Each structure stands twice: as C-alpha cells, then as structure tokens.
Amino acid sequence: MDRLSKLKNQNSTPVSSDDSILKDFINEEKYPFVIQASDSDINLKDWLKENSEYFDKNLLEYGAILCRGFNIDAAEKFQDLVSVFEKPALEYKFRSSPRYSIMNNVYVSTTYPNSYSINMHSEHSYAPSPPDKIIFCCVLPASLRGETPIADNRRVLRNISEELKNKFMEKGILYKRRMNGLLGLPWQEVFQTTDKSEVEAECEKNGISYNWLDEDDLVVTWKKKAIIEHPVSKESIWFNHGMFFNKYSYDEILLSAIDSDDELPNNTYFGDGQEFTKEEYAELYEAYKKATVYFPWEKGDVLFLDNYLSSHGRNSYEGERKIIVSMC
C-alpha cells in the first residue's frame, strides 16, 4: 500500500479545526503536498475559501498541492471549484497542444494520442502572459499508467550545469513556430481566430515577428528569458519551452523525413540564433527527469500547480482517460 493510501493512518496532521482534513507527502522530496479529506462530503471550495492563506502559503512553498477525497468527479464540480480564485479562469490562446473546451474555460487536458508521452513543460512558458496556476482534475483515470508527471522547476534549475545555465542566462531562448496545419496546429487554432489582422495585432503587441509564407502558412519568432524570477517569491526558476519545443524532442523518423528544420511546427535556439547541440538537449532532458515525480490518478483528484514553480507532462496510457484542466 502506498503512502497516499495510508494518509489517514500515518501521523497525518489536521490542517483545519477538526480532524477531517489531513496532510502528508508522497515522497522524501515533499512534492507534491497532499491534502486529503477523510469524508467525501467535505466541500473543497468552501475549505479553500476558509483556508486561502494557508493554501496559498503551501502552494508557494511546495509548488504543487494534490487534493484527494473531495469527490470532484465531474466537469461542473470542477468549474465551480476553480471559480474560488480571484483571478478568473483563462481562455486557452496562443495554443501549442490539441485541446478542446468542454465548458467555459475548462478543457480536456490534451487530445494527443494515448500511445505517446508528453515531455515536461510549464504551461505557456513561451507565451507573453502565462497563467499563474494550472489545475488538473481526474474525472476518469486510465486503466494503465496515464500519470501526469510533475517537476519542481527550482530542482530542474539546480540539475543544470553552471556552464549551460550561464549560457541560457546570457542568451535567453529564441522560439520559432510554423503554423500551417501540416505537422502542427494551423494558425487559426493557435490564435483562436480566422482574422489575419487580429493575429498581426496580437503579434505586434507582444513583440513577436511574423511572416506569412502564404494564406495558411505563418511563421513567428520571438525571444524570451530562460531563467526568470518568480513574481511572488523572487526565486530564480527554470521557466521556458526550450526543451519541449526543440527539434530533438521530435521522433527521429519525422526528422529524417523532412528536408529542412524550417518545416518543423516548433523549434528553439539560444537567443542569438545558435542551435542547441544534442548534448545540451540531453542535459536538459536529464535535468527534468531527475526532478520528476508521478503518482497514480484517482477519480476526483484535483492537482493544483504553481505554473512558475512546477512543470508537468503526461505518461502514455491504456484504456479511457479523462483529465480536465483550467488555468488562472
């Protein structure tokens, strides 16, 4: 029996005025922080309202909080829950992943094929305005695997060599995306509009260079920092899509089938345009891997991530799986 299953019986500590809410961790890294209800009738939204300061403090300290046993097992319950936060749920724009809405600003986490894993990333770290939080809810766990791995971005940064870290600090990251719907998403889905003038205005507002190769073929490039300061704690954190978007993240079969890297839907470079070496990509991959933890989903689980402090991914799976997500 794992530690999550033993929460009620292993020196768990009440975090409310009664014994109905318990806390523990699933590993020695104390990540994620776990809050478990001993009674599924406890209303998580009400508890968050009453304990908002406690919740915010621990999310900032640990970067991830798993709430279990609160019976949040439907999209309607989840949408009501996320309304507790002052910052409203965000619309999913400047997209990079196939994802569809099931109700206002609540999405299926991804429609990416279940036989593939998804690499670690912080949501929209490449975008002009990333969300502060990303919140996952398990409506239906997969019959096999399908975990959502998470990693503390502070640990990821510590796992990167000083030489490579300094290179990213000095140069930043240059992003390049090609949106034509052939290998990646079409520009209409990325920007959630069919109006080219709206796309151009959005790019100009955010310092993104754009080039229309034809009516349905758009290339955009922009530069961002790779290591940033957390907006609240002021800690240095690894926060970018450098590894996730890089060409070495693609299958070798795909890379061998294209004539040029220009055909890729996404790619990343150092800020001066220099390409990553395979060794540099591998170092980033290992830095995430060493920091990554995962746990089996249970129906009704809600996972809150500080999007700056935590990255996430997805393991391949078998059977049906429904994980929904909201951002704020």
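The values are calculated or read from the model by the stated rules, or taken from the named source; none is laboratory data. Note that the structure is a prediction, hence the values are computed from the model and not measured. We place every Cβ from the backbone using ideal geometry, glycine too, and count neighbours over all the protein chains shown.
Brief remarks follow.
- Subset of the stretch 188-201 (residues that are surrounded by 14 or more Cβ atoms within 10 Å (Cβ to Cβ) and assigned to a helix (DSSP H, G or I)): Q188, E189, V190, F191, K196, V199, E200
Yes or no, residue by residue, for (1) under 18 Å from P128 (Cα atoms); (2) among the hydroxyl-bearing types (S, T, Y); (3) in the same structural domain as K133 (by TED's automatic domain parsing); (4) assigned to a loop (DSSP other than H, G, I, E, B):
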{"residue": "K176", "(1), (2), (3), (4)": "yes, no, no, no"}
{"residue": "C203", "(1), (2), (3), (4)": "yes, no, no, no"}
{"residue": "V219", "(1), (2), (3), (4)": "yes, no, no, no"}
{"residue": "W222", "(1), (2), (3), (4)": "yes, no, no, no"}
{"residue": "P231", "(1), (2), (3), (4)": "yes, no, no, yes"}
{"residue": "G242", "(1), (2), (3), (4)": "yes, no, no, yes"}
{"residue": "I253", "(1), (2), (3), (4)": "no, no, no, no"}
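- Residue check, S125 of a type outside the set (V, I, T) and closer than 19 Å to R321 by Cα: no
- Test for F136: is it surrounded by 14 or more Cβ atoms within 10 Å (Cβ to Cβ), in contact (Cβ under 8 Å) with a residue 24 or more places away in the chain, of a type in the set (F, W, Y) and assigned to a strand (DSSP E or B): yes
- Any hit, the stretch 242-262, residues being at pLDDT below 95 and small (G, A, S): yes
- P98, sole failed condition from (1) buried (at least 17 other Cβ atoms within 10 Å of the Cβ); (2) farther than 19 Å from I150 by Cβ: (1)
- D80 vs. criteria in contact with a Lys or Arg (Cβ under 7 Å, 6 or more places away or on another chain), in a helix (DSSP H, G or I) and either of a type outside the set (V, I, T) or surrounded by fewer than 20 Cβ atoms within 10 Å (Cβ to Cβ) (or both): yes
- Pairing each residue of the stretch 309-328 that is more than 17 Å from R95 (Cβ to Cβ) and crowded, with 23+ Cβ neighbours inside 10 Å with any residue that is of a type in the set (V, I, T) and at pLDDT 95 or above, provided the two are 6+ apart or on different chains, yields C-beta distances under 6 Å for S310/I150.
- Set S125, S143: member being small (G, A, S), assigned by TED's automatic domain parsing to the domain that holds A74 and within 21 Å of the chain's Cα centre (by Cα): S125
- Qualifying residue in the stretch 228-236 (condition: buried (at least 17 other Cβ atoms within 10 Å of the Cβ), at pLDDT 95 or above and touching a helix residue (DSSP H, G or I) at 6+ places or on another chain (Cβ under 6 Å)): no
- The residues of the stretch 277-292 that are of a type in the set (A, V, I, L, M, F, W, C) and either surrounded by fewer than 18 Cβ atoms within 10 Å (Cβ to Cβ) or over 16 Å from the mean Cα position of the chain (by Cα) (or both), listed by number, are A282, L284, A287.
- Boolean, K223 is within 21 Å of the chain's Cα centre (by Cα), farther than 30 Å from L60 by Cβ and not aromatic (F, W, Y): no
- Filter result for the condition that a residue is within 25 Å of K223 (Cβ to Cβ), crowded, with 18+ Cβ neighbours inside 10 Å and at pLDDT below 95, over L185, L157, L174: L185
- If you go through the stretch 251-264 and keep only what is surrounded by fewer than 19 Cβ atoms within 10 Å (Cβ to Cβ) and closer than 22 Å to L213 by Cβ, you end up with L254, L255, A257, I258, D259, S260, D261, D262, E263.
- Flag for L183 being part of a helix (DSSP H, G or I), in contact with a helix residue (DSSP H, G or I) (Cβ under 8 Å, 6 or more places away or on another chain) and more than 29 Å from G69 (Cβ to Cβ): no
- No other residue among D301, D306 is surrounded by 18 or more Cβ atoms within 10 Å (Cβ to Cβ), within 20 Å of I150 (Cβ to Cβ) and in contact with a Cys (Cβ under 6 Å, 6 or more places away or on another chain) apart from D301.
- Residue in the stretch 39-58 that is surrounded by fewer than 16 Cβ atoms within 10 Å (Cβ to Cβ) and touching a helix residue (DSSP H, G or I) at 6+ places or on another chain (Cβ under 8 Å) present: yes
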